[in-house]
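The values are calculated or read from the model by the stated rules, or taken from the named source; none is laboratory data. Note that the structure is a prediction, hence the values are computed from the model and not measured. In this analysis, Cβ positions are derived from the backbone assuming ideal geometry, glycine residues included, and neighbour counts consider all displayed protein chains.
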Amino acid sequence: MRSYNPNEPDDVKEAARIGAEPWMLDVLALNPESTLWTPSEMKDGRGWWNDTFICETWTAFDVVPNERNEIVNFYFFVNRPEEDCNACEVTGYAPEAYRLYVDFYDAAGTGRRWSHKLTADDVQALVGAGRLSSPVVDAEFVAQINGANAPASVTRNLDLEHDAMNVYILIRNRCKRLGIPLNCPICQGHGKVVVGESAQLALALWMLHPGKSAARSIVVQRLTMEEVPKALRILRDAALRNAERFSRALAALA
């Protein structure tokens, strides 16, 4: 988790699933608004700029912000060690829903492909989710959608072709209509099962080395509640360095 809103049911459910403690969720409120970037999954190695460096604990983190280690972005996140769910092939789907998933593009060669055989109810689900735009879901519009997604379609229309989000919405809609479960009973739809004893607060940092024209990400895997102030002081020092670096340019605009 990189953000937490107590008024969002999905956030509350995910926090409970991984066992996030209240103090960890409070720290997430300190994050920048955007936490969409992810540390690269490259070779580890202290001597390798452009690689992600992993610190298992805060005591292993010894970076000091300076001209060779400019911290330019960060976010805290809460996670818990997980493993792939073998019961659903990491899809998160219950058995019958998984068959709908496989059949959508006929990945198993069964001849049950239904990506181009949507009903009006299926298309209405896409319209209702904001994935398609149409004032009326009539037979002509349904035929247009199915035609664009037929295996031998010769008219490409990216606005009408299905992506992973569409597939999920359609499977969810059919499960509801057929009265069958959507989510895997083992992983509850996550595709992974928690195996760690408890949740952990972690910190991702994005750093630059201006002299080498290089960047790297550093991840501190575990921080205790007592170590959070130490991490915040590092971030404060980085923020002051960044502010000083741009101060003259900003003053010129005053």
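Restricting to the range 166-213, what's the tally of residues that are exposed (fewer than 13 other Cβ atoms within 10 Å of the Cβ) and either over 30 Å from R245 (Cα atoms) or among the hydrophobic types (A, V, I, L, M, F, W, C) (or both)? Explain how you work it out, then say what you get.
Filtering the range 166-213 down to residues exposed (fewer than 13 other Cβ atoms within 10 Å of the Cβ) leaves 176-179, 185, 195, 197-198, 210-213.
Narrowing further to those that are either over 30 Å from R245 (Cα atoms) or among the hydrophobic types (A, V, I, L, M, F, W, C) (or both): 176-179, 185, 195, 197-198.
Within the range 166-213, residues that are exposed (fewer than 13 other Cβ atoms within 10 Å of the Cβ) and either over 30 Å from R245 (Cα atoms) or among the hydrophobic types (A, V, I, L, M, F, W, C) (or both) number 8.
Could you list, in sequence order, the residues of the range 139-164 that are touching a His at 6+ places or on another chain (Cβ under 6 Å) and part of a loop (DSSP other than H, G, I, E, B)?
Residues of the range 139-164 that are touching a His at 6+ places or on another chain (Cβ under 6 Å), as a first pass: 146, 149-150.
N149, A150 - these are the residues of the range 139-164 that are touching a His at 6+ places or on another chain (Cβ under 6 Å) and part of a loop (DSSP other than H, G, I, E, B).
Might you let me know whether the range 149-164 holds any residue that is β-branched (V, I, T) and at pLDDT below 95?
So the first thing to find is which residues in the range 149-164 are β-branched (V, I, T), and the list is 154-155.
This time we only want the ones that are at pLDDT below 95, so: 154-155.
Yes.
Return the only residue of V167, V136 being assigned to a helix (DSSP H, G or I), more than 30 Å from L223 (Cα to Cα) and of a type in the set (V, I, T). Quick ask: steps written out before the conclusion?
Values: V136 fails: assigned to a helix (DSSP H, G or I).
One residue alone meets the criteria, V167.
Which one of these is in the same structural domain as A29 (by TED's automatic domain parsing), within 27 Å of the chain's Cα centre (by Cα) and not acidic (D, E): V167, V219?
Working: V167 fails: in the same structural domain as A29 (by TED's automatic domain parsing).
Exactly one residue qualifies, and that residue is V219.
What are the residues in the range 102-132 that are buried (at least 19 other Cβ atoms within 10 Å of the Cβ) and in a helix (DSSP H, G or I), if any?
Answer for the range 102-132, where residues must be buried (at least 19 other Cβ atoms within 10 Å of the Cβ) and in a helix (DSSP H, G or I): F104, D122, V123, A125, L126.
Within the set of pairs 6+ apart or on separate chains, which have a first residue in the range 1-15 that is acidic (D, E), a second that is loosely packed, with under 14 Cβ neighbours inside 10 Å, and C-beta atoms under 7 Å apart?
Pairs found: D11/N5.
Among I54, I145, which is the only one that is in contact (Cβ under 8 Å) with a residue 24 or more places away in the chain and in contact with a Leu (Cβ under 6 Å, 6 or more places away or on another chain)? Can you show your working first?
Values: I54 fails: in contact with a Leu (Cβ under 6 Å, 6 or more places away or on another chain).
Just one listed residue meets the conditions, I145.
For the range 55-91: of the residues being in a loop (DSSP other than H, G, I, E, B) and out of contact with any helix residue (DSSP H, G or I) (no Cβ under 9 Å at 6 or more places or on another chain), which is surrounded by the fewest Cβ atoms within 10 Å (Cβ to Cβ)? Working first, answer last.
Step one: of the range 55-91, the residues in a loop (DSSP other than H, G, I, E, B) are 56-57, 61-65, 67-68, 80-81, 85, 89-91.
Still in the running and out of contact with any helix residue (DSSP H, G or I) (no Cβ under 9 Å at 6 or more places or on another chain): 56, 62, 81, 85, 90.
Values: E56: 11, D62: 8, P81: 14, C85: 19, V90: 15.
That would be D62.
So which residues in the range 214-234 are outside any strand (DSSP E or B) and surrounded by fewer than 17 Cβ atoms within 10 Å (Cβ to Cβ)? Explain how you work it out, then say what you get.
Going through the range 214-234, the residues outside any strand (DSSP E or B) turn out to be 224-234.
Selection gives T224, M225, E226, P229, K230, L232, R233.
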